[in-house]
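Q: Sharing a structure, written as structure tokens. Questions coming.
The values are calculated or read from the model by the stated rules, or taken from the named source; none is laboratory data. A quick note: this is a predicted structure, and the numbers were derived from the prediction, not measured. Note: ideal-geometry Cβ built from the backbone for every residue, glycine included; neighbour counts use all protein chains shown. Side chains included, ligands, DNA and RNA excluded: accessible areas come from the protein's heavy atoms. Shrake-Rupley method; radii C 1.70, N 1.55, O 1.52, S 1.80 Å.
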Amino acid sequence: MTVKVLFVCLGNICRSPTAHGVFEQRVQSAGLADRIYVDSAATGAFHVGNPPDPRTVAAAVRRGYDLSSQRARQVHPDDFTFFDFILPMDRMNLGNLRAMQPRDFRGHLGLFMDFSRQKQYGQVPDPYSGGQDGFELVLDLVEDAADGLLQHICREKLQA
Ligand code: 4NP
């Protein structure tokens, strides 16, 4: 069985590509690349086809994450059939996904930060219109929640 995880934000050029790259790295390091599939998508359409924001890419590279192969795409209704975990970065995106969610969806739709160990931030703040600090904060929060998510999936889904 493969566990499939989709990270979602507004543009799929800052927060969810960061989560995608960081979590993929955690999965590979744990030797679970054949058990856990990772992707990311946007609720908005404005950046479809674009690579991640250069500020996101630069911040990620400084911590050893490669986001260069990613391209933004929009969430598709079929994602609710394919993915086991759909994890938006904030409550606005969670609300938009809930509105799209088919009645028979049996996966987990909830905030990515629910898997974080820190309790100060319940959402990943949008860094797009701010300074460098915002991109570092995204990485701090995503790294923490990625560890919590991997632990959860290993415990609840992979130890049958
Ligand atoms: P993201 O950041 O949702 O983390 O990818 C944003 C990217 C673009 C815009 C807003 C947020 N935008 O308004 O274009």
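Q: Across the Cα atoms of the range 56-111, what radius of gyration and what greatest pairwise Cα-Cα distance (Dmax) are found, in Å?
A: 14.0, 42
Q: Keeping all protein chains in place, calculate the accessible area per residue for the chain (probe 1.4 angstrom), answer in Å².
A: The answer is 49 Å² per residue.
Q: Further question on the same structure: Under the rule of -39500 (n - 2.57) per DSSP H run of 4 or more residues, summed and divided by the residues of the chain, what mean residue ellipticity at 222 nm is obtained, to the nearest 500 deg cm²/dmol?
A: Per the formula, -11500 deg cm²/dmol.
Q: OK, next. Pop out the carbon and sulfur fraction of the accessible area of the chain as a percent, whole number, probe 1.4 Å.
A: Carbon-and-sulfur percentage of accessible area, whole number: 49.
Q: Convert 20 °C to kelvin, take the viscosity as 1.002 mPa s, use the Kirkwood radius over C-alpha pairs of the chain as Rh, and evaluate the Stokes-Einstein diffusion coefficient in µm²/s, rounded to a whole number.
A: Translational D for this selection: 138 µm²/s.
Q: Any idea how far apart H152 and Q101 come out in nm if each label point goes 7 Å out from Cα toward Cβ?
A: My value for the distance between the label points is 1.3 nm.
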